[in-house]
Structures are given as C-alpha cells and as structure tokens.
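Reviewing the structure listed below.
Laboratory data are not the source of any read-out in this text; all were calculated from the coordinates shown. Everything quoted here is computed from the prediction, not taken from an experiment. With ideal geometry, Cβ positions are generated from the backbone for all residues, glycine too; neighbour counts draw on all protein chains shown.
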C-alpha cells in the first residue's frame, strides 16, 4: 500500500501560521518605513526652508551698495547707516532694514525689511518714493516655533542687536549675523560680510 502524496493537515496549519507571521512582520516593517519617510520628509523640508531664508538674506545683503557705488549716486550716501538699519523694540522684536538701489521706484532705492518677533520671521520689499498705502504684503519666512535674531558684528568680534550705534564709526561694522533657534533647540548661525 502506498502513502498518498501531499501535505497533512498539521503541515498545512504550520505553513499558514508561518505565512501569517511573515505577513504581520512585513506590515509592521512597511508601516515603520512609511513613518520614517514622513519624518525624514518633514526634517528635510525644515532644513530646505531654512536654506531658502538664508539665501534670501544673503541676496539682500549682497545687493547693499558698496561705498564707491553709494558715493557715485547723488546725494552721496557712502555711510553704511544709510543702507542698513537694525532696530530692537521694547517687546524684543527686531526690525532689519536693508536699502539697495533699484529701478522700480521713483527714488531709485528699494527697502527690504525683515521682522523677527514672536510670530517668527517675515520679509517685505518696498520701493521707496511711493505713498505708504503702497506697502506690499508681508511674507512669512519662518514660523512662530522658530526664533530668529540679527546682530551687527564689529571689529574686535563685538556684536550689537542695533545699528547704527552711537560712538561706533560706520567702518567698524564688518558683518551681519543671523542666529536661528529651531524647535528642537538647535542653533544655526550664519554670518555675511558687509560691503
């Protein structure tokens, strides 16, 4: 008498339970992969947004006129105080104003304003020479969970949260410093040389 070919009931049950265990493990692995992908996407987006903000500030600082350019345009404005202003309000907010030359305004100057406060960092570009009602919309750059601060770096590595400063000649301002504190407590600092 020959034994029938095939699997016994016990072998079928063992195979099905192994497939069920492998399926559950595969589902958990896929779920973990999707969660880590979402976290990496959010992490990457935060750093990409920060890089865009740094590029925006770098572009505006690079557009500041040099002393030779400022002296060539009447009236002479060869002082850095005419092109860069950093103010600090009583509530701790900062207002950075960068003035550059541009052909979109009657006066030939464009003002770029950064406001760092409890709501994050915002940016505004406004041609000078128009009425105040023509002020464009303010664009948010960083959210309220991110804190941004500006400072002017002087000769001797001294920093000031305001500019111009009484008793400090305009030639002593060497660089603009931006410090960003991210939600996790990480601090990122960028320094741009002033013209």
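Distance between the pseudo-spin-label points of residue 12 and residue 52 (7 Å out from Cα toward the beta carbon): 5.9 nm. A Förster distance of 41 Å, applied to the separation of the beta-carbon atoms of residue 21 and residue 44, puts the FRET efficiency at 0.75. For the pair residue 95 and residue 174, label points projected 7 Å from Cα toward Cβ lie 3.0 nm apart.
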